[in-house]
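Reviewing the structure listed below.
Each value in this text was obtained by applying a stated rule to the coordinates, not by laboratory testing. Bear in mind that the values here come from a model prediction, so they are computed numbers and not experimental data. Here the Cβ is made from the backbone with ideal geometry for all residues, glycine too, and neighbour counts use every protein chain on show.
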Amino acid sequence: MDQLTSKEQAALRAKSIAIIGAGPIGCYTAHLLAKAGHNVEVFEEHQQIGNPIQCTGLLTADFDKFFPDLKDQKHNFLVSTFKSVTVKTKNKSIKIPQKEYLVCRTKFDQFFGKLATKSGAKIHLNHSFRRKEGNSLIIKDSINKEEKFFTPDIVIAADGPLSKTAKAFNIFHKLRTNYYGIQAVVEGKFNEDNFDVFFGEQFCKDFFVWVVPESQTTARVGLCSKKNSKAIFDQFMKKHKEWTIKEMQAGVIPIFHNDQILQSKNCFVVGDAAGQVKATTLGGLIPGLRAAEKLATAINNNNYRSYQSKSLKIRIELQLHKQIRKVMDNFSDQDWDSLLTLTNQQKVKDIMSQYSRDNPIPLITKLLIKEPRYLKFLKHLF
């Protein structure tokens, strides 16, 4: 009997994979799996990748680690590169040097869509997951107004914080906490080298407000809260009548739950569908991209259970963010002022400019070594 060629062996190992959701995490997963030779189909309920916009589009410089050779392409979706962030409370204001990217979320998401299709994945727009029947997925084609049956080897739920797919496969964590975000694109006068965040009861008691400039004349202004987001936002905007609202955006953001299961039989969850979001800032792009790599490796190696175990570092980091959020939720205005006083030291700023919030373990460790007085805030954990 003739020996199979390596290409033929790869074809035998190839799986049919259905990914529900064509956001950055779903499409990045599709890219990694299609590149490895799997037959990947992505189903997106909207008519265009990247719309509606439900994210500020702020990225730490850790994004460079995923695409180190992206310098020539980054301008396609890059709006701005910030050099610093100004943190404000009722009584204090400090500037911290920190490199951050602001992206156009529509173009950013479409970049990942093109990455997936170039690698061989097929993306079906206007196709939404409806339900599961036996081993088959029922997908609604909203253009032709018909339901289609798909029976893939593997299903990946990347359909966001309210994931119907995860619910259908019984891996949606019912105790997950959600925040409700609201954001406006406003016109005004802004410093495009710096963005601002506002902490404290007079701004947003259970989170913070952000003002992220797109240019000298436009900015993304928003906040998140567990309830009454719109009322809190309106109250903040009343203090800034010099700004004109041009566009409103809103979305649900999940908080990571440590008991989240990432796999049930042939279904996996990733990104917002898995709650892989930092509780401190509600950013999920970097954790989601890291999780996508772990998932793709598990499938490519035909070792599905390793997705859960190899995601342990991500889980620990997200749990650390959750503990920090618990501390922050109990802060008074005096605590915020005290925090900024400690942070407004050069030795602290040097550390914060070297380690981003997407690397919380070395960041927190080095901060506590350099400035042990941060430990006093741990009283809010108990």
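Just subtract the alpha-carbon distance of T177 and K230 from 0.36 nm times their residue separation and send over the number in nm, one decimal. Extending this stretch completely gives an extra 17.2 nm. Of all DSSP-defined beta bridges confined to the chain, some 70% are antiparallel rather than parallel. Backbone phi angles across the range 236-244, fed through the Karplus curve with coefficients 6.51, -1.76 and 1.60 (θ = phi - 60°), yield HN-Hα couplings of 5, 5, 4, 7, 10, 6, 6, 9, 10 Hz in residue order; Gly and Pro are listed as x. Can you give me the distance in nm between label points at N126 and E247, each placed 7 Å from the Cα along the Cα-to-Cβ direction? Computed distance between label sites N126 and E247 equals 2.3 nm.
Among I154, Q323, V211, flag the residue with its Cα farthest along the positive direction of the charge dipole of the chain, charges on Cβ as +1 for Lys/Arg and -1 for Asp/Glu. Of I154, Q323, V211, it is Q323. As a proxy for reagent exposure, V209, V269, V186 were ordered by neighbouring Cβ count within 10 angstrom, fewest first; the result is V209, V186, V269. For the chain, the longest principal axis of the C-alpha atoms and the axis of helix 24-35 are separated by about 40°. Using every pair of distinct Cα positions in the chain, the Kirkwood expression returns a hydrodynamic radius of 22.0 angstrom.
Seen against the Cα atoms of the chain and their longest principal axis, helix 333-343 is set at about 80 degrees. Count the net charge of all other residues whose Cβ sits under 13 Å from the Cβ of E45, scoring Lys and Arg as +1 and Asp and Glu as -1. So the environment of E45 carries a net charge of 0.
Put a plus charge on the Cβ of each Lys and Arg, a minus charge on the Cβ of each Asp and Glu, and nothing anywhere else: the dipole of the chain about its Cα centre is then about 840 debye.
Relative protection proxy for 333-343, 139-149, 108-118, from highest mean packing down: 108-118, 333-343, 139-149 (other beta-carbon atoms within 10 angstrom). Placing +1 on the Cβ of every Lys and Arg and -1 on the Cβ of every Asp and Glu, with nothing else charged, gives the range 37-117 a dipole about its Cα centre of roughly 780 debye.
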